[in-house]
Every structure is written in structure tokens, then in C-alpha cells.
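Here's the structure we're looking at; comments come further down.
The values are calculated or read from the model by the stated rules, or taken from the named source; none is laboratory data. From a predicted model like this one, the values you see are computed outputs, not experimental measurements. Counting neighbours? That spans all protein chains shown, and the Cβs are built from the backbone with ideal geometry, glycine included. When the accessible area is computed, the model is the full protein with side chains, heavy atoms only, and any ligands, DNA or RNA have been set aside. Shrake-Rupley method; radii C 1.70, N 1.55, O 1.52, S 1.80 Å.
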Amino acid sequence: MLEKISALTEEVSNVKVSSKEELESFRLKYLSKKGLVSELMEEFRTVPPEQKRELGQKLNSLKVFINDKYNELKDNLSSGSASDFAGIDLTRTATQFPVGSRHPISIIKNDIVRIFSDMGFTVVEGPEIEDDWHVFSSLNFPADHPARDMQDTFFISRNPLDVLLRTHTSSVQTRTMERNQPPIRIICPGRVYRNEAISARAHCFFHQVEGLYIDKNVSFADLRQVLLNFAQEMFGPETKIRLRPSYFPFTEPSAELDISCDICGGKGCPFCKETGWVEILGCGMVDPNVLEACGIDSSVYSGYAFGMGIERITNLKYKVKDLRMFSENDVRFLAEFESAR
Ligand code: DAH
């Protein structure tokens, strides 16, 4: 029996097949119920008990070996032979599945994030349900500031603590400064809420991106350069900017940034109300009171902040006239934008 086993091993290791039929003959000859392996198994029953151990092991190895050989022959056959693909056109393009388009607000948000990431800003997000401290008090809003009014802010509860929907992403500034010491260089995209009647020009929720840079010796000139770079990346290299003095409780000095109107190139048209300029964001140097409220030493550090509405930038890019389009999910509108593929 030992000889039979080694003869079979020898024989099987030399087998080659070149068709499915030959592969099947191999299986029938060695591995089927009436094959040579089963025959040896039958014979094994009759060997004297003292040889059973050695022969049993050998016989098992033979079985494994032939099984492996069979699988190897099968794999070799199926990888490669052209006849297997007869009737299948491998050059045909695969079936296209319809994929939705990206929402215009997401497209512009991603662009803004990319432009500022390239300048070293990291993305930070914060909660939409906030408290009075993070949205107003820490940002130097006086107790009687109109923005705190019920008319602007959605309050969730007023006792014992004010819980509200954030009216701007500036709250993420506070949250970040409370937890980190400078240098801080972040942008914070997110949704904000205001108690406005819904119309073509106003909505009760919209999106903002907040920017904040705090370090030693940060100046207004740094702010201007970063905003110029942003405007030109977003609206094209010819874009001009101008800063107009303004007021925000959390910055001093404060400004609003206008860009040259890209419809008329600055000559004046109905879109820019004949001024040649359109406003895109608010900005300024972070008020020392805000730094101190967040535990940052204002005698050592300074910084700038800015905040923009994503809908506003999107409108300028895509000339969407009615803000409500952004939240109505009309697929005819959405399909006009870049595919998400
Ligand atoms: N939070 C302001 C708003 O909602 C926007 C803004 C203005 C943010 C000036 C700033 C800033 O960080 O410096 O209208």
C-alpha cells in the first residue's frame, strides 16, 4: 500500500490539463466515489492494526495533496483561457448608475474650506444648539443688544439658562479659544438660525463660515492679505477688494469686505446697484474683551476674525435669485450643479 501511495503522488504531481473535460477526467479518476483515492480507503480497512497509524497519515496527506492539485488545475484553467469569455464584450462600458448632484451650498462650502486650508486654516465645528455665553456674552454683546431679542433669536428655553439656536458661527470662536491657547488658525463652517420671515431674500436658517487667527503680532494687514487671496481664489485673479469701516461687538476695529462686481467688472450695473462693489463678509481685529473672556492674554496675543454667509457667496457665483431654492429640494434646480460622482 505504501508503494501505491507514493506512485500515485508521483503520478498526480505530473498531471497537466488544458480543458474543462480533462479537468473533469482528473476528478473522476482520483477524487470521485469510484476513484483511486476511494479505492485506497477501502483497502485501508484491511491493513493490520499496527500499520494503521502510519498508513492513515500517509493516506490523508495524499488526499489533501490531490485535492490541492485539483484546485490548482481548476484555477489555472479559469484564469486566462479566451474561450471562457466567448460572447462577452469586455470593451463595453459598465452600466452607469444615476448619481445625484452636489448641493450648491456644499460645493461653495467645500471651495471655501479648500482655499483657507491651503492657507493653513483647520476646520472646526461646533454645536447648533448653544447657550447665551457662547453666542453673545463672551463675544462682547451688551445685555440689551438687539440681536439677543426674541425677534432675531430662536430660544429653546430661557430658564434657568438661555438655550438657543446659534445665530452665527462666531460661537465656535469662543469654544475653540476656551480650550486652546494660540496660535489658533481655524475656519468654522456650519448652519445658523434667525427668526426671520421666509422670503426670496431671507430665510430662518442659512450657512456661515467663520474664520479666526490668533497669535503674537497679528495685524490688520495680515487680515487684508488673507481676504484678498480668498477673494481672488474664489472669484478670479482680477478681483479687487475694499474694506469699509463697520461695527461688530466682537471686533475692534471692524470692517465689511466688498469685492468688485464680477458682472459689470466694477463699472456699475443693477446687480451691484450701480456701485461696482458687492459686500461679501464682515471682519475685524478680535476685541481684547473677547480674548480675555476666553482666557487668552490680550497683552500678549492679538488676532483677526471674519464671517461670511455661504448663501451669499453661492448667489454671487451662481446668480441664484431666490434663497428658498436652496432648501426646497427641487431636483430640476439641484441637477444644474456639478455631479457628485
Ligand atoms: N457674526 C457676524 C454675523 O453673523 C459675522 C462676522 C462679522 C463674523 C465680523 C466675524 C467678524 O468673525 O469679525 O453677521
Task: Sequence-separation-based contact order of segment 248-337, relative, with Cα cut under 8 Å and 6+ spacing, percent - done: 23 percent
TODO: Calculate, for the chain, the solvent-accessible area per residue in square angstrom, rolling a 1.4 angstrom probe over the heavy atoms of the protein chains.
DONE: 57 Å²
- [ ] Add +1 for every Lys or Arg and -1 for every Asp or Glu among the other residues with Cβ under 15 Å from the Cβ of Ser302, and state the total.
- [x] -3
Task: Calculated FRET value between Arg224 and Asn289, using beta carbons and R₀ = 22 Å, to 0.05 - done: 0.45
TODO: Subtracting the Cα-Cα distance from 0.36 nm times the residue separation, let me have the gained length for Glu238 to Glu42 in nm, one decimal.
DONE: 61.5 nm
Open item on the list: Less than 15 Å Cβ to Cβ from Tyr213, Lys/Arg counted +1 and Asp/Glu -1: what total charge do the surrounding residues give?
Closed with: -2
TODO: Could you tell me the accessible area of Ile129 in Å² (1.4 Å probe, neighbours in place), rounded to the nearest ten?
DONE: 100 Å²
Open item on the list: Run the simple label-point estimate for Ile156 and Lys267 please: 7 Å along Cα→C-beta, distance reported in nm.
Closed with: 5.2 nm
- [ ] Would you tell me the accessible area of Glu196, worked out with a 1.4 angstrom probe on the heavy atoms of the protein chains, in Å² to the nearest 10?
- [x] 80 Å²
Open item on the list: So for the chain, averaging the separation of alpha carbon pairs under 8 Å that are six or more residues apart and normalising by length, what relative contact order in percent results?
Closed with: 16 percent
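Which helices count as membrane-span-like in the chain under these terms: full DSSP H, at least 24 Å along the axis by C-alpha, Kyte-Doolittle mean of 1.0 or more?
TM-like helix candidates: nothing returned.
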- [ ] First measure r as the distance between the Cβ atoms of Arg92 and Ala335, then evaluate 1/(1 + (r/R0)^6) with R0 = 30 Å and state the FRET efficiency to the nearest 0.05.
- [x] 0.70
Open item on the list: Rg over Rh of segment 223-341, using C-alpha atoms and the Kirkwood radius, what does it come to?
Closed with: 1.07
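Carbon and sulfur atoms: what percent of the 1.4 Å accessible area of the chain do they account for?
52 percent
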TODO: Could you tell me the distance between the Cα centroids of segment 250-279 and segment 25-80, to the nearest Å?
DONE: 85 Å
Task: Per-q log10 I(q)/I(0), the chain, q = 0.07, 0.09, 0.11 Å⁻¹ (Debye; single scatterer per alpha-carbon; no solvent) - done: -0.52, -0.60, -0.77
Open item on the list: How big is segment 91-178 along each principal axis, measuring the range of its Cα positions in Å and listing the largest first?
Closed with: 70, 30, 20
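Mind checking Rg over Rh on segment 28-105, alpha carbons, Kirkwood formula for Rh?
1.44
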